[in-house]
Amino acid sequence: MSALFRVTSRAVALQRSLVANQAAALRACRSIKTSPKKDETIAAPASVTTEDFANPSPKNWMSYGFDYKEEAEDRKATKATFFVTVTLCLVWGTFYWSYSPDSQMRNWAQREGFLELRRREQAGVDLVSPDYVDPASISLPSDEDLANTEIII
């Protein structure tokens, strides 16, 4: 009986939400008026003289943040900053980093290892000495401690 009541109440709730969503969708729908405006006029451009071309005013100038008073100084500082940042730091910095010598001596260690291996092969000695570590300083577990532990070599 309770299951039937739950199904009925869920169906009613679903029906209410569908009706509410449909009403909201109808309210959200707006019509667009496409008739021409009555006050629509075209502004005539102001007359331009030779003095206006010779002395343009920087009324629409926005500073890049280097100089707030003079546009020329602001542009010059902007261009200099980007030149130094991009060209000198990024381009030449990357070039220097790529072609700088091996600072951590990785190549030297590898060359030294090959030379030592060649010397040991020519001398007929083991490549790695079995007495590299003193066997007396190593403490190994006994067979009883290992018991049935699988040892993989």
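Looking only at the range 96-135, which residues are open to solvent by less than 90 Å² (accessible area, probe 1.4 Å) and outside any loop (DSSP other than H, G, I, E, B)?
98, 107, 109, 112, 113, 116, 117, 120, 123, 135
Test each condition in (1) over 30 Å from residue 55 (Cα atoms); (2) open to solvent by less than 70 Å² (accessible area, probe 1.4 Å) for residue 81 and report the one that comes out false.
(1)
The values are calculated or read from the model by the stated rules, or taken from the named source; none is laboratory data. All figures in this text were calculated on a predicted structure; none of them were measured in a lab. Calculation scope for accessible area: heavy atoms of the full protein, side chains included, ligands and nucleic acids excluded. Shrake-Rupley method; radii C 1.70, N 1.55, O 1.52, S 1.80 Å.
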